[in-house]
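Engineer: What follows is a structure written as structure tokens; I'll ask about it next.
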Amino acid sequence: MDDSPSLDFAAIVHGLRLAVFVFHRTRILYQNEAAATLRARLQKEYQADLTVMLRDHLLRIRGIDSAGPAPAVTLLTDTRGEPLYVHVLPFGEGSDPHVAVSVRELGIEREAFARRYGLSAREAEVAELVLRGYPNPVIATTLGIAPTTTKRHLTRIFDKIGVDSRTQLLSRLA
């Protein structure tokens, strides 16, 4: 008999910062808070429905192997080209298993690099948009700041991270 306290796996999965979905065929049965947040962000920023993208992806995988999806990690891009790692893991008994899908954005975690390099919240937002390939005028418009303010933030970011260009910033943070 195991004397360790029982674990609430549902609470653990729900609290993960990694987006987790559970599907049966193409019907979504569960999504954790991180999944809901990612879905909302992609819908707001790109008018892209992540669940539709994942359903299509699962159908393509099933089309490759009629017995159902095998465990796999793939790269999926949304409508604007934002890359996402998708990990598919079938589970359950029988020929029609449920599928757990985790989705991770490529790149870096804003809070982690902000802490590591001592960036302010706004500097971290600017750095994240640079990593996504946005030019200064688009960053300024997106954040509702002046282009000169964007340039000032970039100068401070470069100083704090110890780089001299966007290219060096990308290679340091990506």
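Bear in mind that the values in this text are calculations on the coordinates, not laboratory data. If you're wondering where the values come from, they're calculated on a predicted model, not measured in any experiment. Neighbour counts are summed over all protein chains in view; Cβ atoms, including those assigned to glycine, are modelled from backbone coordinates with ideal geometry.
Engineer: Work out, in µm²/s and without decimals, the Stokes-Einstein translational diffusion coefficient of region 110-173 at 37 °C, 0.692 mPa s, Rh from Kirkwood over C-alpha pairs.
Structural biologist: Numbers: Rh = 11.4 Å.
So the translational diffusion coefficient is about 288 µm²/s.
Engineer: Using 0.36 nm times the number of residues separating GLU93 and ALA36, minus their current alpha carbon distance, what extension gain do you get? Before the final figure, lay out each step's value.
Structural biologist: On the way: separation 57, 0.36 × 57 = 20.52 nm, distance 2.74 nm.
17.8 nm is the gain from fully extending GLU93 to ALA36.
Engineer: Would you mind working out the magnitude of the charge dipole of region 110-173 relative to its Cα centre, with +1 at each Lys and Arg C-beta and -1 at each Asp and Glu C-beta, to the nearest 20 Debye? All intermediate terms of the calculation are to be shown ahead of the outcome.
Structural biologist: Numbers: 11 positive and 6 negative charges, 14 e Å.
The dipole of region 110-173 has a size of about 60 debye.
Engineer: As I understand it, the dipole of region 83-174 uses +1 on the Cβ of Lys and Arg and -1 on the Cβ of Asp and Glu, about the Cα centre. Which of ALA100, THR155, ILE139 lies farthest toward its positive end?
Structural biologist: THR155
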